[in-house]
Structures are given as C-alpha cells and as structure tokens.
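Note sheet for the following structure.
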Amino acid sequence: MKKHKLLMDPVYDEFILIERASVLEKILDSYYLQRLRYIKQLGPCHYVYPGAEHTRFQHSIGVMWLAKKTLNFLKMEGYSVDEELELSILTAALVHDLGHSPFSHALEGVILPQKHEILTLRAFEYLKEEIKLDSRIYDTTVKILTKTHPFPFAYQLVSSQLDCDRLDYLRRDAFYTGVSFGKIDVNRILVSALIENNELVWSYKGFNALEAYVMSRYQMYWAVYFHKVNLSVQVLMKKIVERLKELIESGENLEIDGTLYKTLKEKSLEYFFRLTDSNVISSVYSLSYESKDKILRDLCNRLVKRNFFKTVEVKPSEVLELREKVEKAGFDAKYYFDIVETSKVAYSYYSPSEAEIIKVKTPDGIEELSSVAPTDALKTLSRKVSKVYAVVPEEVS
C-alpha cells in the first residue's frame, strides 16, 4: 500500500493526499514552491478582510487537488488519460503560481517588469534543476502552462473560463474573507466535467452549480477583488516600490531589506525568487521612520498607520481635472495619483464575448453556458461593465 502525506485543508474539510517520495512531493518540498508559503493569495486584501491571510502555497495545493479529483471523475466516466499526461497536469496545477511577486497581483510587474506567467516559467526551469525533474514531464508541463499542448483539456483544467484555479481561489477566498457568496459547490461542478474532441466541456446536469459559479465569480469580483480599500492599498504599495526604484536608480543607498535592494538595483531573477511579503513589509516599517526622502517616508507611514488614499469612481473626462487638483494640493501626482480600470486587471467576471467560453453539453449539442440558461440572469451578469477609479490622497477634496 502506498504511503501518502496528508494535508488537512479547512476549505474543503478533507485531507489532500500526496504520495510519499513522488514527483509531486518533491515539487511540494522544493525551494520555489515553499516560497509561496510567505506570499499572500490576496495581497493586501487583509487590510479590508482581516481573515484573508491565506497564501499562494495553500492555493497551489488546492488547485492540484481539484485537478486530481476532476481526472478521477473523468476516469469514472470512461475517459483515459495516460500516467505521464496526468502527472504533467497535476504538476502544472501545483506550479502555476511560482512566479508571483510579494503581495501577489498588487506588485506584479512593479518589482520586475514581467508578468507572473513569464516568471513562473523561469522559476519552473530552476525547479527542474533543483529536483532533477524528468525532461518529458517538464516539457509537457510547459506546454500545459503555455496552452500549446495538443489536447486542450490538459490546459483548460488549469487555465480557462472554468478551471481548477478559479474554482479554488473563489472557494478559498470566500472562506478566508468570510463572505458567503463564493461558497460554490465545487464537487458538483467537477463531477460534471466531460471531454469532447479533446476539449473540456460540462454536463448540463450540473447547470445549477455552473450558474452559481458564474454568479459567485461576479459577486467576488466587486465585493472583494474590487473593494475600494483593497484597490487603494494596492496603489499605495505600488507607489512605494516605484519610489524605491527611482531613489535606488539615482544612487541612493537606502536602509532596506538587502534582498529587496539587490532585486530592485540589479533587476535580478535570482534575488527576486528569494523575495516574500516579509522582505517588503519590513522595509516599509523601517522607511516609515528612517527614510530621509519625504515622499517615501510619507507613503510608508500611510501604509503603516492605515491612512490610505481614497478611491473614487470617475468619468474619463474627469481624470485630468482631478489630477490637477492633486497637484494644486501640493502632492506629486506621480506618487499620489493613479487610475484603475476594472477591465485591465488580473481578476475578471465571466464574459461569453471573450475568445474562451464555458461549454455545456446538452441533448442538442455543445452550447455556451448563458445561452442554455432558462432566464436572462447569466446574460445580465456576463455583460461588460467597465468602471474607472481614481486613487487620490484623503486630503484632496
């Protein structure tokens, strides 16, 4: 009988099983995956929802577990997935977030200019050398991560409009923030998975759970991911790092965490993959007292003392006028003003107008989810809603 590592997951109220001495256990215990223990899943969202202290590590394990369960359900339906492809799918699910910056999306592209998907591929390359991962598993996993695998279902399980990644973060984020509307019926959705022409589709028998997923995704989008305070803190953290970079590039020798300093100064991937939330937050606390730069010290103090910027919805025609108000109030708009557009962020609600759609198998064939709904509720929730927010100091009227 094979021995397994048992990881209790409070979100699903069950043990996640990982076979001892397996490839997955080696990945789990690797330097690059263990780093995710110290990167919060929702970045600075805990300033709004104090319970949102969960990490990318927990999420990565959850995504792998949901992918494993889905593959098991598919086998029960008679679908055959060979062992090498199955292991590669589970590996992709486990490593898909390796490239995240400290505080996740809040500082993505700020510390280093690359997106986390690109950095994930680099981290996975380093991980391959660390654990001596089989080249075939590595190559197949890369094809899944880059969506170039010849069988679309292989990557659709990890990255699509309805995947194990989204299912886990919606359920996990709802659990730790305490909101009720993200508690979707994950098992009912997973058991509805089917494969048609090597693509992932969903049985109409699971329609109620699928509909609830779309509704929950929409509600989480506006209530959690786009909470105005959450947006404000993200902007504040971004401005702090941008000011740090400017001062370092001008030759300032700042008293901050050494790993963060070297990453910003040398733009080094080696040092970037040593960074966690703690490197950033310890630097912020030091600078709030010790920085000789007035702007940097003020920005850090605002974060430490929770004196955040305010977030206001504006029309595009009002942006220039508001920026001028910020400057007239004596603030450098480069560091005390920002615009956030809901259509240009990492999280999104479901929109069937995009290239990817949720496909449902009905007696009449394969159709898009909202088109088979008995009411217009899904169509209404799926329509494009783009808001523009300005983030400015509280002192600006």
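No lab work stands behind these numbers, since they all come straight from the coordinates. All values derive from a computational prediction rather than experimental measurement. Please note: Cβ atoms are built from the backbone with ideal geometry, for glycine as well, and neighbour counts cover all protein chains shown.
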If you build a Gaussian network model of the chain, linking Cα atoms that sit under 10 Å apart, which residue out of N301, N230, N197 swings the most?
N197
Once you order the gyration tensor axes a ≥ b ≥ c over the Cα atoms, which shape class does the stretch 192-234 get: rounded for a/c under 1.5, otherwise prolate or oblate by comparing a/b with b/c?
oblate
Binned at 10 Å from 0, what are the whole-percent values of the Cα-Cα distance distribution for the stretch 238-289, short to long?
26, 63, 12
Which value in deg cm²/dmol, rounded to the nearest 500, describes the helix-derived mean residue ellipticity at 222 nm for the chain, given -39,500 (n - 2.57) per DSSP H run of n ≥ 4 and division by the residue count?
-14000 deg cm²/dmol
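Greater than 28 Å separation of Cα atoms is the criterion. Which listed pairs, K3/K147; K40/K315; K2/K68; K2/K359; K115/K239; K265/K325, meet it? Don't skip to the end; give the middle numbers.
Numbers: K3/K147 33 Å; K40/K315 32 Å; K2/K68 17 Å; K2/K359 37 Å; K115/K239 18 Å; K265/K325 33 Å.
Correct reply: K3/K147; K40/K315; K2/K359; K265/K325.
What number in nm² do you get for the stretch 4-227 if you take the convex hull of its Cα atoms and divide its surface by four? All intermediate terms of the calculation are to be shown ahead of the outcome.
On the way: hull surface 47.6 nm².
Convex hull of Cα atoms, orientation-averaged projection: 11.9 nm².
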Rounding to the nearest 10 and keeping the result within 0 to 90°, find how far the Cα-based axis of helix 228-249 lies from the longest principal axis of the chain.
60 degrees
Both in Å, the radius of gyration and Dmax of the C-alpha trace of the stretch 176-313 are 21.8, 63
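Name the shape class, rounded, prolate or oblate, that the alpha-carbon gyration tensor gives for the stretch 238-355, where a ≥ b ≥ c are the square roots of its eigenvalues, rounded holds for a/c under 1.5, and otherwise prolate holds if a/b is larger than b/c and oblate otherwise. Provide the component values of the computation, followed by the final result.
Numbers: a/c = 2.17, a/b = 1.29, b/c = 1.68.
Here the stretch 238-355 falls in the oblate category.
Restricting to Cα pairs below 8 Å that are 6+ residues apart, what does the relative contact order work out to for the chain? Please round to a whole percent. Numbers along the way, then the final one.
Values: 591 pairs, mean separation 62.1, N = 397.
Over the chain, the number comes to 16 percent.
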Given the options L66, L320, L378, which has the most mean-square fluctuation in a GNM of the chain, springs set between C-alpha atoms less than 10 angstrom apart?
L320
Convex hull volume of the Cα atoms in the stretch 46-161, per residue, in Å³?
128 Å³
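For the stretch 87-211, what is one quarter of the convex hull surface built on the Cα atoms, given in nm²?
Numbers: hull surface 36.3 nm².
The Cα convex hull of the stretch 87-211, projected and averaged over all directions, gives 9.1 nm².
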How long are the semi-axes of the equivalent ellipsoid of the stretch 140-233, taking √(5λ) for every eigenvalue λ of the Cα gyration tensor, in whole Å from largest down?
27, 18, 9
Given the convex hull over the Cα atoms of the chain, what projected area results after averaging over all orientations, in nm²?
20.9 nm²
If you average the sequence gap of Cα pairs under 8 Å that are 6 or more apart and divide by the length of the stretch 4-227, what percent do you get for the contact order?
19 percent
Expected max-MSF residue from A212, A377, A174 in the GNM of the chain (alpha carbon, under 10 Å) is A377
Add +1 for every Lys or Arg and -1 for every Asp or Glu among the other residues with Cβ under 13 Å from the Cβ of E255, and state the total.
-2
